[in-house]
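> Please find one structure pasted underneath; my questions will follow.
The values are calculated or read from the model by the stated rules, or taken from the named source; none is laboratory data. Predicted model, so just to flag it, every value in this text is computed and none were measured. As a convention, Cβ positions derive from the backbone with ideal geometry for all residues, glycine included, and neighbour counts pool all protein chains shown.
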Amino acid sequence: MIFLHRGLSLILLAFSLLSTTLALQADLAGIVDWHKPLIGEYLLEPTPPLFVNHKNASRVVGLTKKNVLAVLDVENGDIVCRHHFEEYDPVISFHVHDDKILLLSGPGGSTARLFSLSTGSLSWERSVIPCEEQIRGGGVLTTPAHLGTDVSFIHAQEGGSGSVVVLSDGKRITKLGLKDGKQQWATEVPGAGSTILFKQVTSSGSSIHVLGIQNGISAQTLLTTTLDITTSAPKNDLGQIPSIVKIPEQALISSTDKGDAKVVWTEHGRIRIVSIKEDGSVGRDIKDLLPGKGKIYDEIIDVGLRSRGIILGRRSDGGVDVVNVIKREKIGEFELSTKSDERSESVYSGIETQSGVILNRVYWSFTVNVGVAQTINIPNVESTDIITSGFTFSYDTASHGTFLHAAVSPTLDDKQLPTLVLTTSSGAIQKMQLDNPGWIREESLADIKAAQFVDLGEPETEEVREVLAEEGFAGRLSRHVAELKDLPGYMIRFAKRFTSASYTSALQVKPLNTTHLHRDQFGFQKLLIAATANGKIFALDSSTGKVVWSRNVGLTNEKGSEIQIENMWNVRDGEGGREPMLTILATKTVGETITTVAYHLKAYTGVITGEVDPVNHLPLGKILFEGKPQNAFLLPFENCGSKAGVLAVIDPSDSLHIFPPCKKVAAAVEGISHKLFYTTQSRSIDGTILRGLIPSAATPGGALKGEVVWQHPFSEGEVISETKSVVFDAVASFGRVLGDKSTLYKYLNPHLQIISTFMPSTKGVSSTSLDGVGRVYVLDSTNGRVVYQTEIDGVVGRGGIKVGMVENWLVFSWLDQRGWKIASTELYEDTEKKGVTPSQSTFEDVAITAISQSYILPSEVKAIGFTTSKAGITTREVIIINCKNQIATIHRRLLDPRRPVGKPSSRDKEEMLIPYEALVPMDPKKVISHKYEVIGVKSLLTSPALVESTSVLFAYGLDLFLTRGITPSGTFDILSDTFNKAQLLLTLGALSIGILVAGPAVKRKELKNKWY
């Protein structure tokens, strides 16, 4: 019986999923979807992007804020290889040596990995801080994260393969073999303690020199220690250097080929240099390098050339000198590098050559509005000969902001000019050569804060959209009459399209641009508006992923962006020939002041309405209040003038503000204030409290003061993981007919909020390090009533609880010690009598019945979403992101909480319920991202197409992925490519002719029968 039961389960499962097994045909891959791999914005400290020439190819190696090690092809900007790491393993620094890339990551640089520069493959991985040491507190995250970490390569001896010395946790030195990563020795630096932090390491001759900083009562001082390169034994006591250092970055150590090292730092406006001998003793030859009469050095600029003994010194007037530490002398300077209102702040970079170095400076000239690159080539560091060159280049400051870094090539062209790879404040990466701007990577798209689909109009409507806005009834009627002359041609084109067009050919649409903005016949092609966290807005073609237009909302510079996007809403559609409009909510930081601002964005053109700054020509937006918003939502009203939806924004004092301001809307809001509810959260030592409020009396500034009507306190130590609102699209069915012909009526409440929380089992411990108790709440925001609640023991904090709810269907997943689980819950109104209709009011106190079931998943769940459709008829599916960086769907039948345990009854068979199995299999055919590895995706956005069967999905996080190939119930409303349309037309034509011919004969026969 067991085998029969399992066989029946498989048969029913296969039958129920038959319509979806061909959800994505192989020949549609790359046609119905696209994938844009990204790396994120570059990290500039301590190892900025590095230009590398390798095997007749140019590469740029760098770390990004998205925890990615990436290698780009300089020729075309494509990704050669990339490695993405988990959040608990933050990248620290990278170091290139021959054909290898050494990466330090983890708290305190606890892990070392070696990658091949040619293939990107991992050669080896080693933990340089023992696990027991990490448990005792080793590997602590510092600020900055790279403080107390460093790497120094040791060249191969005869018959050897070379090695590397790693400084981690500010005190531990580990020597590893480059070939296999085998640990040769490891030791803690003698003297390391709570007041001493070792920050840099360098190898020279038979010694390893380590530079440390000792925190004193009034100042920081430098000290060094020297270890034997073979045995790790200390060669001498700690060497105290007479010094006063303000910040750790202003002290460096550089090695020579003779076994000794040089320590350099700034003190009292001078660059001071001292020798560390091979035996570890501190020399008495401290030399002060002065910049010139009446000037002082403000700082040392490390451009990654200290292994060659080259640093930069910035003078008090802004000028920058080139200093040879080993020779203890200034060997040159960058011309016109002093402070001036005619140019921007300069960014400096450097690169090692075979026997010398190349230094580069980039800045923006306000007088001629061009970018300027200035290069100093030192062919041999042993000499004082230098070659200077430079060039200007065009650059769009309005779109890309200011320069943050310029990776310079290690080779120069015939004109002694380099190739540059620029990093900009807007997040873009751009190749630059003399009068030849190259590729641009918009890496700010890796940090999208909000996204919305905008439906496009029909081609005929969009072509006359501007005319419709001003055209009256008479004008429109006359225009339609005049266009009747094109009717025959239209009928011919329609017949040709009907007989020859196919589904596949219809998917191959014309790319969108600013002059071509209309949809395809199925409504798959939309405009995708994406707002990045730093205030840059992109319009993407949903069919190709190409950028149609982009706009900056605020200023960006080396300190970051003054604008931080909070959210975005569609507030006006394109019906009636008008242009769709969106509302953007953001916070603006100027100095110490934070304000909340809102903008109106026209979707087709990217134009932001309202006033602009007279200096930088950026939109000013509407300032709503000071501080950050707590909540925001759309009101059921339209603005009197723009006919756009009105946004309600809640300020820090719980008051409600309206955007755009409108007296009629404000009066209408006051009229329904007893039915308008919103929530805020307040946190204290005792825990988090969720509060429900309604708007009450108006304040002098026009805002409506919030009045608390209910509160829901969470337990002490209970941390909120996710908060989401229930998704309500088109609802096609209000109930579920059971096998006995009775009906379960769905509990449909648009005011529900879903909250997942986690409470560690041990107080005072990070919520991501141990397991604990997880809870899922479904609350009614109108009265604070807990509609549904469940508690889960043994939840691992690192996984959290992912939640999602659509209509009456709640799905949540979590990680426990045995793996990933997923639960499905359906909420119904508790009606015992047949024929009882469901509740029609949110404010009625309705008894709820919850039907739940949990399952085992063979994969991690990084995010949860749902498919959607235009009329709600198509079966919904759950969309998840799994541990393989794939986007997959799970059929609703597999997660049906009413799946019978044991042998199905006749009623269960009537409903076609699948017998319960604890494991939900991951069908490879349901992986909608198929061949793509979609890395770092955390958010899912769905939109219906014009055809009921198909859902459009946009996934974003690090990578971007969009597909139009989700058909949960099959393409029941689309004819296949093999359907013979010509035969259908011929059949219909023959039937029509037959009717016309036989009709009179039939009528004569009927008349004859009446007479006779």
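> Name the pairs: first residue in the stretch 780-798 and of a type in the set (Phe, Trp, Tyr), second residue crowded, with 19+ Cβ neighbours inside 10 Å, Cβ to Cβ under 8 Å, at least 6 apart or on different chains?
788/776; 788/777; 788/778; 788/810; 788/825; 788/827
> Separate question: Please state which of the following conditions residue 717 fails to meet, knowing it meets all the rest: (1) exposed (fewer than 13 other Cβ atoms within 10 Å of the Cβ); (2) part of a loop (DSSP other than H, G, I, E, B).
Of (1) exposed (fewer than 13 other Cβ atoms within 10 Å of the Cβ); (2) part of a loop (DSSP other than H, G, I, E, B), only one is false for residue 717: (1).
> Does residue 677 satisfy the criteria of being aromatic (Phe, Trp, Tyr) and in contact with a His (Cβ under 7 Å, 6 or more places away or on another chain)? Before you say what the answer is, go through the steps one by one.
Values: aromatic (Phe, Trp, Tyr): yes; in contact with a His (Cβ under 7 Å, 6 or more places away or on another chain): yes.
In short, yes.
> I've got another one for you. Can you tell me how many residues in the stretch 654-691 are in contact (Cβ under 8 Å) with a residue 12 or more places away in the chain and either surrounded by 16 or more Cβ atoms within 10 Å (Cβ to Cβ) or of a type in the set (Gly, Ala, Ser) (or both)?
22
> Answer yes if at least one residue in the stretch 308-323 is in a helix (DSSP H, G or I) and either under 21 Å from residue 224 (Cβ atoms) or at pLDDT 95 or above (or both), and no otherwise. Please lay out each step first, then the result.
If we filter the stretch 308-323 for residues that are in a helix (DSSP H, G or I), which is where we start, we get 308.
Cutting the leftovers down to either under 21 Å from residue 224 (Cβ atoms) or at pLDDT 95 or above (or both) gives us 308.
Within the stretch 308-323, one or more residues are in a helix (DSSP H, G or I) and either under 21 Å from residue 224 (Cβ atoms) or at pLDDT 95 or above (or both).
> Right, here's the next one. Only one residue in 553, 615 is out of contact with any helix residue (DSSP H, G or I) (no Cβ under 7 Å at 6 or more places or on another chain), at pLDDT below 95 and surrounded by 20 or more Cβ atoms within 10 Å (Cβ to Cβ), so which one is that?
On the way: 615 fails: surrounded by 20 or more Cβ atoms within 10 Å (Cβ to Cβ).
553 is the lone residue from the list that is out of contact with any helix residue (DSSP H, G or I) (no Cβ under 7 Å at 6 or more places or on another chain), at pLDDT below 95 and surrounded by 20 or more Cβ atoms within 10 Å (Cβ to Cβ).
> Sticking with this one: Do we find a residue being at pLDDT 90 or above, of a type in the set (A, V, I, L, M, F, W, C) and not in a strand (DSSP E or B) anywhere in the stretch 948-957?
No.
> To continue, here is another question. Looking for something more than 37 Å from the chain's Cα centre (by Cα) and acidic (Asp, Glu) - is there at least one such residue anywhere in the stretch 941-957?
We begin by selecting, within the stretch 941-957, every residue more than 37 Å from the chain's Cα centre (by Cα); these are none.
Checked against the condition, which is being more than 37 Å from the chain's Cα centre (by Cα) and acidic (Asp, Glu), the stretch 941-957 yields no hits at all.
> What's the number of the condition residue 568 fails, among (1) at pLDDT 95 or above; (2) over 27 Å from residue 781 (Cβ atoms); (3) of a type outside the set (D, E, K, R)?
(2)
> With a cut-off of at least 1 residues that are within 30 Å of residue 962 (Cβ to Cβ), under 44 Å from the mean Cα position of the chain (by Cα) and modelled with pLDDT of 75 or more, name the helices (runs of 4 or more DSSP H) lying wholly within the stretch 453-499.
Working: elements: 459-463, 465-470, 473-482.
Correct list: empty, since no element meets the threshold.
> Any chance the stretch 293-305 includes a residue that's touching a residue at least 40 places away in the same chain (Cβ under 8 Å), over 16 Å from residue 360 (Cα atoms) and not in a strand (DSSP E or B)?
no
> Okay, next question. If residue 686 satisfies every condition in (1) of a type outside the set (Ser, Thr, Tyr); (2) at pLDDT 90 or above; (3) in contact with an Asp or Glu (Cβ under 9 Å, 6 or more places away or on another chain) but one, which is the exception?
Unmet condition: (2).
> Confirm whether residue 243 is outside the structural domain of residue 96 (by TED's automatic domain parsing), of a type in the set (Gly, Ala, Ser), in contact (Cβ under 8 Å) with a residue 12 or more places away in the chain and not in a strand (DSSP E or B).
Working: outside the structural domain of residue 96 (by TED's automatic domain parsing): yes; of a type in the set (Gly, Ala, Ser): yes; in contact (Cβ under 8 Å) with a residue 12 or more places away in the chain: yes; not in a strand (DSSP E or B): no.
No: the conditions fail for residue 243.
> Sticking with this one: Could you figure out which of (1) more than 43 Å from the chain's Cα centre (by Cα); (2) in contact (Cβ under 8 Å) with a residue 60 or more places away in the chain isn't true of residue 230?
Failing condition for residue 230: (2).
> Quick check on my filter: what residues within the stretch 674-698 are β-branched (Val, Ile, Thr) and over 30 Å from the mean Cα position of the chain (by Cα)? Quick ask: steps written out before the conclusion?
Here is the first cut: in the stretch 674-698, the residues β-branched (Val, Ile, Thr) are 679-680, 685, 688-689, 694.
Listed by number, the residues that qualify are 685, 694.
> Name the single residue that is nearest to the chain's Cα centre (by Cα) among those in the stretch 923-935 being crowded, with 21+ Cβ neighbours inside 10 Å and assigned to a loop (DSSP other than H, G, I, E, B).
First, the residues of the stretch 923-935 that are crowded, with 21+ Cβ neighbours inside 10 Å: 926, 928-929, 932, 934.
Those still in the list that are assigned to a loop (DSSP other than H, G, I, E, B) too: 928-929, 932, 934.
Details: 928: 20, 929: 17, 932: 17, 934: 12 Å.
This residue is 934.
> Give the stretch 890-915 a look and list any residue that's in contact with a helix residue (DSSP H, G or I) (Cβ under 9 Å, 6 or more places away or on another chain) and more than 21 Å from residue 860 (Cα to Cα), or say none. Working first, answer last.
The initial filter retains those residues of the stretch 890-915 that are in contact with a helix residue (DSSP H, G or I) (Cβ under 9 Å, 6 or more places away or on another chain), namely 890-891, 893-894, 898-900, 902-904, 909, 912-915.
Across the stretch 890-915, the qualifying residues are 898, 899, 900, 902, 903, 904, 909, 912, 913, 914, 915.
> Being part of a strand (DSSP E or B) and either touching a residue at least 60 places away in the same chain (Cβ under 8 Å) or acidic (Asp, Glu) (or both) is the filter here, so list the residues in the stretch 511-529 that pass it.
Once the filter is applied, which keeps residues that are part of a strand (DSSP E or B) and either touching a residue at least 60 places away in the same chain (Cβ under 8 Å) or acidic (Asp, Glu) (or both), the stretch 511-529 yields 527, 528, 529.
> Mind checking whether some residue in the stretch 187-204 is in contact with an Asp or Glu (Cβ under 8 Å, 6 or more places away or on another chain), in a strand (DSSP E or B) and among the small types (Gly, Ala, Ser)?
Yes: one or more hits.
> Can you tell me which of 383, 349, 426 is of a type outside the set (Lys, Arg), buried (at least 22 other Cβ atoms within 10 Å of the Cβ) and outside any strand (DSSP E or B)? I'd like the intermediate steps shown before the answer.
Working: 383 fails: buried (at least 22 other Cβ atoms within 10 Å of the Cβ); 349 fails: outside any strand (DSSP E or B).
Result of the check over 383, 349, 426: 426.
> Applying the selection to the stretch 654-687, what residues are of a type in the set (Phe, Trp, Tyr) and either over 20 Å from residue 569 (Cα atoms) or not in a loop (DSSP other than H, G, I, E, B) (or both)? Write out each step before concluding.
First, pick out the residues of the stretch 654-687 that are of a type in the set (Phe, Trp, Tyr): 659, 677-678.
Passing the criteria: 659, 678.
Okay, residues lined up against (1) at pLDDT below 90; (2) surrounded by fewer than 16 Cβ atoms within 10 Å (Cβ to Cβ); (3) at positive phi:
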residue	(1), (2), (3)
159	yes, yes, yes
164	no, no, no
168	no, no, no
189	yes, no, no
193	yes, yes, no
207	no, no, no
216	yes, yes, no
219	yes, yes, no
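> So in the stretch 556-567, with the set limited to residues that are touching a residue at least 24 places away in the same chain (Cβ under 8 Å) and either surrounded by fewer than 22 Cβ atoms within 10 Å (Cβ to Cβ) or small (Gly, Ala, Ser) (or both), which one is nearest to residue 604 (Cα to Cα)?
Applying the first criterion (touching a residue at least 24 places away in the same chain (Cβ under 8 Å)) to the stretch 556-567 yields 556-558, 560-567.
Add one more test, that the residue is either surrounded by fewer than 22 Cβ atoms within 10 Å (Cβ to Cβ) or small (Gly, Ala, Ser) (or both), and what stays is 557-558, 560-562, 564, 566-567.
Details: 557: 28, 558: 31, 560: 28, 561: 25, 562: 25, 564: 23, 566: 22, 567: 19 Å.
Ranking the candidates gives 567 first.
> Here are the criteria: (1) surrounded by 15 or more Cβ atoms within 10 Å (Cβ to Cβ); (2) outside any strand (DSSP E or B); (3) touching a Pro at 6+ places or on another chain (Cβ under 8 Å). Tell me which single one residue 360 does not satisfy.
Of the numbered conditions (1) surrounded by 15 or more Cβ atoms within 10 Å (Cβ to Cβ); (2) outside any strand (DSSP E or B); (3) touching a Pro at 6+ places or on another chain (Cβ under 8 Å), the odd one out for residue 360 is (2).
> Shifting gears a bit: Does residue 976 meet the test of being over 30 Å from residue 862 (Cα atoms), in contact with a helix residue (DSSP H, G or I) (Cβ under 8 Å, 6 or more places away or on another chain) and part of a loop (DSSP other than H, G, I, E, B)?
Values: over 30 Å from residue 862 (Cα atoms): yes; in contact with a helix residue (DSSP H, G or I) (Cβ under 8 Å, 6 or more places away or on another chain): yes; part of a loop (DSSP other than H, G, I, E, B): yes.
Against the criterion (over 30 Å from residue 862 (Cα atoms), in contact with a helix residue (DSSP H, G or I) (Cβ under 8 Å, 6 or more places away or on another chain) and part of a loop (DSSP other than H, G, I, E, B)), residue 976 qualifies.
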